[in-house]
Amino acid sequence: ELKVEQNPLFLSMQEGKNYTIYCNYSTTSDRLYWYRQDPGKSLESLFVLLSNGAVKQEGRLMASLDTKARLSTLHITAAVHDLSATYFCAGIGSSNTGKLIFGQGTTLQVKP
Amino acid sequence: DTEVTQTPKHLVMGMTNKKSLKCEQHMGHRAMYWYKQKAKKPPELMFVYSYEKLSINESVPSRFSPECPNSSLLNLHLHALQPEDSALYLCASSHSLALGEKLFFGSGTQLSVL
């Protein structure tokens, strides 16, 4: 079955700095998703990456997908405190079932 | 309306109680999901319904009983739960089970079993 691993699991960074969260997955996943979760809250969909080489950007976040390397990245540019949250990547466990397999999550703490 | 609404937001129950979690969406989505999330862990799939029929049961104990009475509603009936069942229960929906469909998550029910 698909396994999804994120690193780092915890990231503390200063405002204004750049950083990247990595998401590796073990077998073919037709899609790769990124979600944000604030403490005690639900999951907010950030990006759906559909194909090799896909790059999507919104605000200070940019996600990319390399299916050959089985790697997705979430790049944070000039971090601000509001980006503090837990970020999950997820792949499709099996086709046409809607079963998402989530990574462990990366807790991001942006300090002023 | 792009919301998935879950009630209640918080629930405390004893091990002998029977309770139900409710989930509702009016986006015309035909796939609905229950996920369980323990603190500081990722969500784990429990059940998937597609066109009101159970599509996936991830070997969930029978003390959890899902029900999809119509295309907009999804319930999770709880009976004789254990303290280790305490978690955040998330409902989600998507247009269908097709690849690439975005899942919309509700705000969750925080369940505590005493």
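Each value in this text was obtained by applying a stated rule to the coordinates, not by laboratory testing. What you see is a predicted model, and the numbers here were worked out from it, not measured in a lab. Cβ placement follows ideal geometry from the backbone for every residue including glycine, while neighbour counts extend to all protein chains displayed.
Table for the structure above
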item: Assigned charges on the beta-carbon of Lys, Arg, Asp, Glu; the protein assembly as shown dipole about Cα centre (debye); result: 280
item: Gain in span if fully extended, A:Gln104 to A:Ser26, counting 0.36 nm per residue against the direct Cα distance; result: 26.7 nm
item: Exposed-loop-free span, longest in chain A, where trypsin sites (Lys or Arg not before Pro) count as exposed if DSSP calls them loop and at most 12 other C-beta atoms lie within 10 Å; result: A:18-67
item: Cα-Cα pairs of the range A:1-79 separated by more than 20 Å (percent); result: 33
item: Summed side-chain charge close to B:Asn17 - residues other than B:Asn17 whose Cβ falls under 12 Å, Lys, Arg +1, Asp, Glu -1; result: +2
item: Residue-count net charge about B:Ala98 - beta-carbon cut-off 15 Å; Lys, Arg +1, Asp, Glu -1; result: +2
item: Relative packing of B:21-34, B:78-91, which averages over residues the other C-beta atoms within 10 Å, highest first; result: B:21-34, B:78-91
item: Proxy reagent accessibility, fewest Cβ within 10 Å first, across A:Thr77, A:Thr106, B:Thr7; result: B:Thr7, A:Thr77, A:Thr106
item: Under 13 Å, Cβ to Cβ, from A:Phe88 - net charge with Lys/Arg +1 and Asp/Glu -1; result: 0
item: Whichever lysines have a C-alpha closer than 25 Å to that of B:Lys53, once near sequence neighbours (fewer than 8 apart) are set aside; result: A:Lys99, B:Lys18, B:Lys19, B:Lys22, B:Lys36, B:Lys102
item: Estimated dipole of the range B:42-85 in Debye, rounded to 20 [Cβ of Lys and Arg +1, of Asp and Glu -1, Cα centre]; result: 140
